[in-house]
Amino acid sequence: MSETLLRTEGLTVVFGGLVALSGLDLEIRRGEIVGLIGPNGAGKTTAFNAITGVVQPSSGRIFLGEEDITARPAPKIAAKGIARTFQQIRLYDDLTVIENVMVAGHSSVRYTFLEAVTGLGRFSADEKRISEYAEYLLELMGLSDVISAKASALPYGRQRKLEIARALALRPTVLLLDEPVAGMNPMETKGFADLLRRLHRELNLTIGLIDHDMGFVMNVCHKIKVIDHGVPIAWGTPNEIRTDQKVIAAYLGTAA
Ligand SMILES: Nc1ncnc2c1ncn2[C@@H]1O[C@H](COP(=O)(O)OP(=O)(O)O)[C@@H](O)[C@H]1O
Ligand SMILES: [Mg+2]
């Protein structure tokens, strides 16, 4: 069995008086695709925010391999190899598609964004490598035909793919996706599942995935953690989760 790559122990986040996440133990092994699911407001995004340094955990620990990365600043965590996308898409609307990816690629090398866009300074030796990798990622994500379009001109589903290309430009070992198929129709969602499997294989990625589309999660994930009102209620394979009484109750309870 492969080693544990990302692990949380008793991860808890309290906002004011609200316990958004309570005692999350999550384990993602190298090469796995792990889903984090649960009804709206369950604490899924909060879990990713705590892991990636966007919010401070109130208690609990986060490990990347053997290293304790709890409450490290977000850029440090990204530099250690955990990249993510956001539930609300965050792109540079006025930059082109390839520029959006290249900006992310530049953040891992020495020169500044200003040097990069002006073509001055230390810029240029790495430039070709970064642009070629950006082109490769865009091809992988099926965006080759729009590399010179403004990011804001893309339809929603393709903006989500661009966000993933940006995250991949950091060359992460772990990719965390927050509701990547939200707003996609069933056809697009199915296509996205195939794409995710290809990314996983081709880039040797370990993936954590939030979604509330049960069919999609069951289809792509090796293991699934279910949380409800901040509290972990189940952990298992898609088959185990599908028949878990607590999970069924949590979902039926919110469907009405
Ligand atoms: N920054 C924040 N400040 C205060 N409350 C928050 C914040 N982020 C999330 N919450 C609250 O924490 C709970 C869990 O939210 P969230 O993690 O976004 O749920 P999910 O992603 O599972 O839908 C919700 O009640 C939400 O309103
Ligand atoms: Mg969320």
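Laid out as a table, the results:
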| read-out | value |
| --- | --- |
| Exposure proxy order (Cβ contacts within 10 Å, fewest to most) of Glu27, Glu67 | Glu67, Glu27 |
| Net charge, Lys223 excluded, C-beta distance under 12 Å - Lys, Arg +1, Asp, Glu -1 | -1 |
| Förster radius 22 Å - calculated FRET efficiency between Val54 and Leu95 (Cβ-Cβ, nearest 0.05) | 0.45 |
| Additional length obtainable on full extension of the chain from Lys128 to Asn204, 0.36 nm per residue less Cα span | 25.0 nm |
| When the chain is reduced to its Cα atoms, the Kirkwood hydrodynamic radius in Å | 18.9 Å |
| DSSP beta bridges in the chain [antiparallel fraction, %, rounded to 5] | 55 percent |
| FRET efficiency estimate (nearest 0.05) - Cβ-Cβ, His222 to Ala249, R0 30 angstrom | 0.80 |
| Packing-based exposure ordering (other Cβ within 10 Å, fewest first) of Arg129, Arg197 | Arg129, Arg197 |
| Residue exposure sequence - Leu64, Leu18 - by fewest surrounding Cβ within 10 Å | Leu18, Leu64 |
| For the range 174-184, 3J(HN,Hα) per residue [Karplus equation, 6.51 cos²θ - 1.76 cosθ + 1.60, θ = phi - 60°, Hz, x = Gly/Pro] | 10, 10, 10, 10, 9, 6, x, 9, 4, x, 8 |
| Inter-label distance for Asn185 and Ala71, nm, one decimal - labels placed 7 Å from Cα along Cα-to-Cβ | 4.8 nm |
| About the Cα centre, charge dipole magnitude for the chain (Lys/Arg +1, Asp/Glu -1 at Cβ), debye | 180 debye |
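Values in this text are rule-based calculations from the coordinates and carry no lab data. If you're wondering where the values come from, they're calculated on a predicted model, not measured in any experiment. We place every Cβ from the backbone using ideal geometry, glycine too, and count neighbours over all the protein chains shown.
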